[in-house]
């Protein structure tokens with residue numbers, strides 16, 4: 001959350017130093033969708049997902 005709030009963007013797949021954050025986000029998103037995430041972490045992770053939706057990549061032609 002600190003990264004997204006600080007840089008006002010999501011982790012990039014093109015920057016090597018941000019790969020760990022991006023992979024963590026993807027693994028936990030899959031765990032949430034599969035129902036394997038611990039119940040105490042679900043609410044906090046959903047807050048993170050709403051924050052990532054704010055800074056979602058936009059198509060320049062739209």
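Values in this text are rule-based calculations from the coordinates and carry no lab data. Values in this document were obtained by computation on a predicted structure and should not be read as measured data. Cβ atoms come from the backbone with ideal geometry, glycine included; neighbour counts cover every protein chain shown.
Looking at residue 21, is it farther than 20 Å from residue 58 by Cβ, within 10 Å of the chain's Cα centre (by Cα) and loosely packed, with under 11 Cβ neighbours inside 10 Å? For residue 21, the condition - farther than 20 Å from residue 58 by Cβ, within 10 Å of the chain's Cα centre (by Cα) and loosely packed, with under 11 Cβ neighbours inside 10 Å - is not met. All conditions but one from (1) out of contact with any helix residue (DSSP H, G or I) (no Cβ under 9 Å at 6 or more places or on another chain); (2) part of a loop (DSSP other than H, G, I, E, B) apply to residue 19; the one that does not is (2).
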